[in-house]
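What follows draws every value from the coordinates through simple rules; no lab data is involved. Model, not experiment: these values are computed from the prediction. Note: ideal-geometry Cβ built from the backbone for every residue, glycine included; neighbour counts use all protein chains shown.
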Amino acid sequence: MSKLTIVSVKNSKLIKDGIAAINLPPAITCPGAGVCKQYCYAQVGRQAIGPAKNFRLRTLELFKTNPKQFEQTLKKEIHQAGRRIVRWHDSGDIISLSYLKIMVKLAEHFPDIKFYTYTKSHKIVLKFGYENLPHNLKIIQSYGGKDDHLINTNYPFARVFEEEEDIPEGYTDCSNSDYPAATTATKIAIIAHGIRKKRFTTT
Ligand code: SF4
């Protein structure tokens with residue numbers, strides 16, 4: 001079996017729920033990011049250095065230089081990873097409309113796999129249209145970017161809260177498990193921790 005070059009099955013928060021991840025480098029792939037760039041948790045720690053950083057940079061490079069091969073490699077690796085749930089962007093975001101179209105194509109190719117992502121790229125998703133997304137691609141609008149005013153609360157969304165007691169009724173706390181976010185939850189709460197105490201991110 002060949003080594004995975006884009007898909008990751010090692011994220012500690014996701015692994016317990018059997019979720020695979022596809023990641024891009026943070027900040028440079030986040031057209032909707034605002035002040036979160038300064039505090040982005042994906043820009044610190046293990047994710048920001050060495051192999052993890054290079055892994056993400058190579059993924060971005062492949063998308064930019066050969067999007068067809070990017071898509072084909074993902075088809076092969078998503079199949080090989082064998083997970084029922086795939087998260088786009090534990091770091092990074094939807095970089096462009098053509099990128100989103102590849103996300104859509106992959107969801108259509110794997111109708112039995114649930115794909116999901118948090119995003120601050122609201123302009124791009126609006127251009128495609130929430131109503132045009134396949135049933136198995138869940139896009140969760142994340143507050144804290146520069147285009148929060150474009151968030152449509154008729155579709156899934158997520159907010160960061162300082163403390164558990166700040167979470168209003170009706171939200172699902174996904175701080176410790178992304179499983180509800182990936183499946184049924186539509187109002188998602190994440191408790192800030194560590195660098196996120198400076199807030200602004202769910203992605
Ligand atoms: S917090 Fe999310 S949107 Fe903001 S820079 Fe980091 S990965 Fe990008």
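Out of all DSSP beta bridges with both ends in segment 1-141, state the antiparallel percent to the nearest 5.
Details: 2 of 15 bridges.
Taking every DSSP beta bridge with both residues in segment 1-141, the antiparallel ones total about 15 percent.
If you add up the charges near Ile188, with Lys and Arg at +1 and Asp and Glu at -1, over every other residue whose beta carbon is less than 12 angstrom from its beta carbon, what do you get? Write out the running numbers ahead of the final one.
Numbers: positive: Lys138, Arg159, Lys187; negative: Asp173, Asp178.
So the surrounding residues net to +1.
Full extension of the chain between Leu57 and Glu164 yields a length gain of 35.1 nm, computed as 0.36 nm times the residue separation minus the alpha carbon distance.
Any of Lys10/Lys68; Lys37/Lys146; Lys37/Lys75; Lys105/Lys187; Lys138/Lys187; Lys10/Lys101 with alpha carbons more than 22 Å apart? Name them for me. Kindly include the intermediate steps, with their values, before the conclusion.
On the way: Lys10/Lys68 25 Å; Lys37/Lys146 11 Å; Lys37/Lys75 30 Å; Lys105/Lys187 26 Å; Lys138/Lys187 13 Å; Lys10/Lys101 26 Å.
Over 22 Å apart, Cα to Cα: Lys10/Lys68; Lys37/Lys75; Lys105/Lys187; Lys10/Lys101.
The residue list Phe157, Pro134, Gly144 was ranked by how far each Cα lies along the charge dipole of segment 69-176 toward its positive end, using unit charges on Cβ atoms, and Pro134 comes out on top. Rounded to whole Å, the principal axis extents of the Cα atoms in the chain read 46, 38, 30, largest first. Only helices enter this figure: runs of n ≥ 4 DSSP H residues, each worth -39500 (n - 2.57), summed and divided by the residues of the chain, yield -9000 deg cm²/dmol at 222 nm to the nearest 500.
About the Cα centre of segment 7-198, how large is the charge dipole given +1 on each Lys and Arg Cβ and -1 on each Asp and Glu Cβ? Please answer in debye to the nearest 20. List each step's numbers first, then the result.
Values: 28 positive and 19 negative charges, 181 e Å.
Roughly 860 debye, rounded to the nearest 20.
Remark: the Asp173-Gln69 segment gains 33.7 nm on full extension, using 0.36 nm per residue and subtracting the alpha carbon distance. Segment 117-162 and segment 7-41 have Cα centres lying 15 Å from one another.
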